[in-house]
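Accompanying notes for the structure given below.
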Amino acid sequence: MTETVVSASYRTDIPAFYGDWFARRLAAGYALVRNPWSGSTYRVDLKPEAVAGYVFWTRNPTPFMPVLEGLERPFAVQFTITGYGRRLEPSVLPPERAVEAAHGLAARYGPRCVVWRYDPILSPTQDHVEAAGRLAESLRGATDECVVSFASFYRKTTRNLAAAGFAWEDPEPDRRVRLVEALADAVSPLRLTVCAQPELTVGAAEPARCIDPARLGLGPLPEKGNRPGCACAASRDIGAYDTCPHGCVYCYANASPGAARRRFKAHNPEAEMLG
């Protein structure tokens, strides 16, 4: 049987909102997932012998701690902490509580378990250097890496930001490079990496590998990124778009923050498949 890395999930926040669903799927030994493009359904084997490791993506791992306690395979947590405020992030943990949760994870599983994401960067007019530096200081001992990327302004993203009255800006490449260099200094001694934007890794930062076999203690796995410039190893994601009720205005995984909240409230907890 070929082992795979399971991603849970860059399409929604399973640790924060769907821990019970995930636990039931572990007990069943599989998850059914709907392909977001074709609509077809595929099965992901979750039996321990079929899974090499897990990568969890979240804004709040606290509800998921009981699930992690019983997990039989290695895992890492991609933990987003930005502190953009309620206007843009109406339902996420306040930064101080998120930092506490990161330290709790590191105390239980070691700092190699936690990857901090200061991501996405919405506008260079915000003082990201000061904000990221302050967060980096508070996260010392809880992580060894800070992942950044500049926002991709999809049509739904620009629509939602405009509705929130946020004046975003998509900076020129040289301005991005200068900000990345400044951020690398600000978060040191944490390692700064850049997600799926290799043109910005010009000395001060390295390409991020969010699905990283080495962090999971695994041998080499084939590289198979999710978009151009992505350096991730091959994985299978078990989430669904438009199901995260955090309501972050800039989120690319929700067409509408309000619709995602309504969908979450209507979620059938006995369903075998998200979405």
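The values are calculated or read from the model by the stated rules, or taken from the named source; none is laboratory data. Since this is a predicted model, take the numbers as computed values, not measurements. Positions of Cβ are generated from backbone atoms using ideal geometry, with glycine treated the same way; all protein chains shown enter the neighbour counts.
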Inspect all residues belonging to region 194-203 and state whether any of them is polar (S, T, N, Q), free of Cβ contacts under 8 Å to residues at least 40 places away in the same chain, farther than 16 Å from Ala151 by Cβ and touching a strand residue (DSSP E or B) at 6+ places or on another chain (Cβ under 7 Å). yes
Could you check, for region 118-126, whether at least one of its residues is modelled with pLDDT of 90 or more and out of contact with any His (no Cβ under 9 Å at 6 or more places or on another chain)? yes
Condition (residue is surrounded by 15 or more Cβ atoms within 10 Å (Cβ to Cβ) and without any contact (Cβ under 8 Å) to a residue 40 or more places away in the chain) applied to region 2-18: is it met by at least one residue? no
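Give region 141-158 a look and list any residue that's surrounded by 14 or more Cβ atoms within 10 Å (Cβ to Cβ) and at pLDDT 90 or above, or say none.
Looking only at region 141-158, we keep the residues that are surrounded by 14 or more Cβ atoms within 10 Å (Cβ to Cβ), and these are 142-151, 153, 156-158.
Answer for region 141-158, where residues must be surrounded by 14 or more Cβ atoms within 10 Å (Cβ to Cβ) and at pLDDT 90 or above: Ala142, Thr143, Asp144, Glu145, Cys146, Val147, Val148, Ser149, Phe150, Ala151.
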Restricting to region 123-133, and then to whatever is in contact with a helix residue (DSSP H, G or I) (Cβ under 8 Å, 6 or more places away or on another chain) and not acidic (Asp, Glu), can you tell me which residue is surrounded by the most Cβ atoms within 10 Å (Cβ to Cβ)? Ala132
Any idea which of (1) at pLDDT below 90; (2) of a type in the set (D, E, K, R); (3) within 19 Å of the chain's Cα centre (by Cα) is the one Arg215 doesn't satisfy? (1)
Name the one entry in Ala76, Ala136 that is under 16 Å from Ile14 (Cα atoms) and either among the hydrophobic types (A, V, I, L, M, F, W, C) or surrounded by fewer than 16 Cβ atoms within 10 Å (Cβ to Cβ) (or both). Ala76
Would you be able to say whether some residue in region 170-177 is over 30 Å from Gly104 (Cα atoms), in a loop (DSSP other than H, G, I, E, B) and in contact (Cβ under 8 Å) with a residue 60 or more places away in the chain? no
Taking region 208-258 and keeping only residues that are buried (at least 20 other Cβ atoms within 10 Å of the Cβ), in a loop (DSSP other than H, G, I, E, B) and polar (S, T, N, Q), one is left with Thr243, Asn254
Which pairs do you get when a residue that is free of Cβ contacts under 8 Å to residues at least 60 places away in the same chain, found in region 97-108, comes within reach of a residue that is assigned to a helix (DSSP H, G or I) and of a type in the set (S, T, N, Q), reach meaning Cβ atoms under 7 angstrom, with the pair 6+ apart or on two chains? Val99/Ser138; Ala101/Thr62
Here is a list of conditions, (1) under 16 Å from Pro245 (Cα atoms); (2) among the β-branched types (Val, Ile, Thr); (3) touching a Pro at 6+ places or on another chain (Cβ under 9 Å), and Val67 meets all of them except one; can you say which number that is? (1)
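Residue by residue, here is whether (1) at pLDDT below 80; (2) in contact with a Gly (Cβ under 8 Å, 6 or more places away or on another chain); (3) farther than 18 Å from Ala8 by Cα holds:
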position: Pro220; (1), (2), (3): no, no, yes
position: Ser235; (1), (2), (3): no, no, no
position: Tyr241; (1), (2), (3): no, yes, no
position: His246; (1), (2), (3): no, no, no
position: Ala260; (1), (2), (3): yes, yes, no
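Looking at region 138-174 only, could you name the residues that are charged (D, E, K, R) and more than 19 Å from Val77 (Cα to Cα)? Spell out how you get there, then give the answer.
Here is the first cut: in region 138-174, the residues charged (D, E, K, R) are 140, 144-145, 155-156, 159, 169-170, 172, 174.
Once the filter is applied, which keeps residues that are charged (D, E, K, R) and more than 19 Å from Val77 (Cα to Cα), region 138-174 yields Arg155, Lys156, Arg159, Glu169, Asp170, Glu172, Asp174.
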Some residue of region 37-44 being surrounded by 22 or more Cβ atoms within 10 Å (Cβ to Cβ), charged (D, E, K, R), touching a strand residue (DSSP E or B) at 6+ places or on another chain (Cβ under 9 Å) and over 21 Å from Pro213 (Cβ atoms): no
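Only one of Val99, Val92, Val114 is β-branched (Val, Ile, Thr) and under 18 Å from Cys244 (Cβ atoms). Can you tell me which?
Working: Val99 fails: under 18 Å from Cys244 (Cβ atoms); Val114 fails: under 18 Å from Cys244 (Cβ atoms).
Answer to the selection: Val92.
For region 33-70, which residues satisfy the criterion of being of a type in the set (A, V, I, L, M, F, W, C) and either at pLDDT below 95 or within 19 Å of Ala233 (Cβ to Cβ) (or both)? Talk me through it step by step, then tell me what you get.
Residues of region 33-70 of a type in the set (A, V, I, L, M, F, W, C): 33, 37, 44, 46, 50-52, 55-57, 64-65, 67-68.
The answer is Val33, Trp37, Val44, Leu46, Ala50, Val51, Ala52, Val55, Phe56, Trp57.
Among strands (runs of 3 or more DSSP E) lying entirely in region 57-160, which contain 2 or more residues that are polar (S, T, N, Q)?
Numbers: elements: 75-80, 114-121, 145-150.
The strands (runs of 3 or more DSSP E) meeting that bar are 75-80.
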